[in-house]
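Only one structure is covered here, and it is reproduced in the block below.
The values are calculated or read from the model by the stated rules, or taken from the named source; none is laboratory data. Model, not experiment: these values are computed from the prediction. Cβ placement follows ideal geometry from the backbone for every residue including glycine, while neighbour counts extend to all protein chains displayed.
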2 protein chains.
Amino acid sequence: MLILNSSIEKLRHFLSTATHIPIEKVEIEESVLTETSYKKNQYILSEGSVCNSVIFIVSGLIRSYYLKDGLEVNTGFYKENDIACSFNSLVNRVPSNEFLQALENTTAIVLPYESLLKLYSTSDQWQEIGRIMTERECVYLANRVTFLSFESARTKYLNLLKEQPELVNRVPVHHLASYIGVSRETLSRIRSGI
Amino acid sequence: MLILNSSIEKLRHFLSTATHIPIEKVEIEESVLTETSYKKNQYILSEGSVCNSVIFIVSGLIRSYYLKDGLEVNTGFYKENDIACSFNSLVNRVPSNEFLQALENTTAIVLPYESLLKLYSTSDQWQEIGRIMTERECVYLANRVTFLSFESARTKYLNLLKEQPELVNRVPVHHLASYIGVSRETLSRIRSGI
DNA sequence: TGAATTTTGTGACATATATCAATTGAAAGC
DNA sequence: GCTTTCAATTGATATATGTCACAAAATTCA
């Protein structure tokens, strides 16, 4: 058995909860999935490659980032029960401008994009899952626009603490700083309460 | 006839182009649509109301904005061949935090959310249209995050010029300023080339 | 057409945050 | 355990951009 049943159950449970589709209607053919693991610091995707799968994280932590003037700008963190991919690259079949890298040893279930498309075309349930998951992403991104663009450094950090408190204890501070669009020095000062 | 055929054709053409679904497969039952017009400055949706429809703009211009500390922050502009709604409110059935207001006299086709859900549940084509349109929105928002958060005022304005040049000639400058997260004075100086 | 309102443009000044530099502290590797 | 690399803190300084105040255009509308 290439893939643990417990991992698949975790994925089904996650999809059901996220979409409000009853779990018994969330059917996944085991054969299209593979379980993979990534060592800390290992790259899952590099700039310039087309993202060919979505991965559901069973355990561990991944970050996405791109390079701006040679410096890393973090765009997201994905932990257990999150789905990670380079979205634009995946859906538009273009080279990714971002990297995906494991920040911790990670196990994940990989669903190839081709298989996802097949699921879409053969299953109403999956078509709906795809739409709802994408809607969720939109809502998340719209919030991110608001907070990143129109709030102070302190507010952005407080919002991060409120919305994703788990990250703060797992992700190095300089990565968090770039994720919320603040220099690491400024974030350091905010955290020390100045 | 409540609704002009030419408007419906415009909508079908738009959806076909945006999703790459052949136009003959984009079927819309006329009875679920209504054509409406809004006078300049008229409100289409107010903060606190639940957004109950998506509107396809046949002609004219609409903005969305929310209030932050009593001041307006613009979140989007929607012109001919754009779709406007308060996304989070629409898909999560919660009161909107934003306003939708016509900036020009506008005609639009209104599709109630209930009808959209019905289309989703009875038509594979529409399920796919919904998913792809949502994917497009995600890509747009992800770009917006990048530009608003990590670029200088000048770069943000230049990017706006590049990506949505039509807006610059139609939208008052102070609205553009708030849309790209810059004070109107700063934008004024950027435009005058200082 | 003329008054009133809204929009845009400039100057002076304030300030949040970035940048640079140096230090300390923690983690990784041998 | 010691060395080396990486991460976090702290201070001094620079700067982009915001804020305030006022004036000039441009629109609106009666």
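Among all residue pairs at least 6 apart or on different chains, which show Cβ distances below 9 Å where the first residue, located in the range A:165-194, is within 14 Å of chain B (Cβ to nearest Cβ) and the second is away from DNA strand C (no atom under 12 Å from the Cβ) and of a type in the set (Lys, Arg)?
Cβ pairs passing all conditions: A:179/A:63.
Which of the residues belonging to the range B:125-140 are under 17 Å from residue A:122 (Cβ atoms) and within 7 Å of chain A (Cβ to nearest Cβ)?
Scanning the range B:125-140 gives B:127, B:128, B:131.
Among the residues of the range B:79-118, write down those that are in contact with a Gly (Cβ under 8 Å, 6 or more places away or on another chain) and acidic (Asp, Glu).
B:80, B:104
Please count how many residues of the range B:141-156 are closer than 22 Å to residue A:152 by Cβ, assigned to a helix (DSSP H, G or I) and within 14 Å of chain A (Cβ to nearest Cβ).
Of all residues in the range B:141-156, those closer than 22 Å to residue A:152 by Cβ come to B:141, B:144-156.
Applying the additional criterion that residues be assigned to a helix (DSSP H, G or I) yields B:141, B:144-150, B:153-156.
Checking the rest, the ones that are also within 14 Å of chain A (Cβ to nearest Cβ) come to B:141, B:144-150, B:153, B:155-156.
Matching residues across the range B:141-156 total 11.
Out of the residues in the range A:137-161 that are polar (S, T, N, Q) and away from DNA strand C (no atom under 12 Å from the Cβ), which is nearest to residue A:88 (Cα to Cα)? Explain how you work it out, then say what you get.
Restricting attention to the range A:137-161, the residues satisfying the condition of being polar (S, T, N, Q) are A:143, A:146, A:149, A:152, A:155, A:159.
Those still in the list that are away from DNA strand C (no atom under 12 Å from the Cβ) too: A:143, A:146, A:159.
Numbers: A:143: 18, A:146: 20, A:159: 26 Å.
Among those that are polar (S, T, N, Q) and away from DNA strand C (no atom under 12 Å from the Cβ), it is A:143.
Determine which member of the set B:25, B:40, B:10 is surrounded by fewer than 19 Cβ atoms within 10 Å (Cβ to Cβ) and closer than 17 Å to residue B:83 by Cβ. Let's see the steps before the verdict.
Numbers: B:25 fails: closer than 17 Å to residue B:83 by Cβ; B:40 fails: closer than 17 Å to residue B:83 by Cβ.
Unique residue meeting the criteria: B:10.
What number goes with the only condition from (1) within 22 Å of residue A:169 (Cβ to Cβ); (2) under 14 Å from the mean Cα position of the chain (by Cα); (3) not hydroxyl-bearing (Ser, Thr, Tyr) that residue A:55 does not pass?
The number of the failed condition is (1).
I'd like to check something: does the range B:102-115 contain any residue that is surrounded by 16 or more Cβ atoms within 10 Å (Cβ to Cβ), modelled with pLDDT of 95 or more and within 11 Å of chain A (Cβ to nearest Cβ)?
no
Only residues that are surrounded by fewer than 16 Cβ atoms within 10 Å (Cβ to Cβ) and of a type in the set (A, V, I, L, M, F, W, C): list them for the range A:86-101, please.
A:94
Listed residues A:71, A:90, A:67; which is closer than 29 Å to residue A:182 by Cα, within 14 Å of chain B (Cβ to nearest Cβ) and out of contact with any Ser or Thr (no Cβ under 9 Å at 6 or more places or on another chain)?
Numbers: A:71 fails: out of contact with any Ser or Thr (no Cβ under 9 Å at 6 or more places or on another chain); A:90 fails: out of contact with any Ser or Thr (no Cβ under 9 Å at 6 or more places or on another chain).
One residue alone meets the criteria, A:67.
Using the structure shown, decide if residue A:192 is at pLDDT below 95, farther than 24 Å from residue B:76 by Cβ and within 16 Å of DNA strand D (Cβ to nearest atom). I'd like the intermediate steps shown before the answer.
On the way: at pLDDT below 95: yes; farther than 24 Å from residue B:76 by Cβ: yes; within 16 Å of DNA strand D (Cβ to nearest atom): yes.
Against the criterion (at pLDDT below 95, farther than 24 Å from residue B:76 by Cβ and within 16 Å of DNA strand D (Cβ to nearest atom)), residue A:192 qualifies.
Tell me which residues, restricted to the range A:159-177, are more than 10 Å from DNA strand D (Cβ to nearest atom) and within 23 Å of residue B:182 (Cβ to Cβ).
A:159, the sole residue that qualifies.
Which of (1) within 14 Å of chain A (Cβ to nearest Cβ); (2) modelled with pLDDT under 95 does residue B:30 not meet, given it meets every other one?
(1)
Rundown of residues vs (1) touching a residue at least 60 places away in the same chain (Cβ under 8 Å); (2) among the acidic types (Asp, Glu); (3) at positive phi, yes/no style:
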{"residue": "A:87", "(1), (2), (3)": "no, no, no"}
{"residue": "A:103", "(1), (2), (3)": "yes, no, no"}
{"residue": "A:148", "(1), (2), (3)": "no, no, no"}
{"residue": "A:151", "(1), (2), (3)": "no, yes, no"}
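Before we move on, is residue A:31 surrounded by 13 or more Cβ atoms within 10 Å (Cβ to Cβ) and either closer than 20 Å to residue A:78 by Cβ or without any contact (Cβ under 8 Å) to a residue 12 or more places away in the chain (or both)? I'd like the intermediate steps shown before the answer.
On the way: surrounded by 13 or more Cβ atoms within 10 Å (Cβ to Cβ): no; either closer than 20 Å to residue A:78 by Cβ or without any contact (Cβ under 8 Å) to a residue 12 or more places away in the chain (or both): yes.
Taking the combined requirement at face value, the residue does not satisfy it.
Anything in the range B:162-177 that is more than 11 Å from DNA strand C (Cβ to nearest atom) and either surrounded by 13 or more Cβ atoms within 10 Å (Cβ to Cβ) or of a type in the set (D, E, K, R) (or both)? List them, or say none.
Step one: of the range B:162-177, the residues more than 11 Å from DNA strand C (Cβ to nearest atom) are B:162-167.
Scanning the range B:162-177 gives B:162, B:163, B:164, B:166, B:167.
Looking at (1) touching a Ser or Thr at 6+ places or on another chain (Cβ under 6 Å); (2) among the acidic types (Asp, Glu); (3) within 11 Å of chain A (Cβ to nearest Cβ), find the lone condition where residue B:80 falls short.
Here residue B:80 clears every test but (3).
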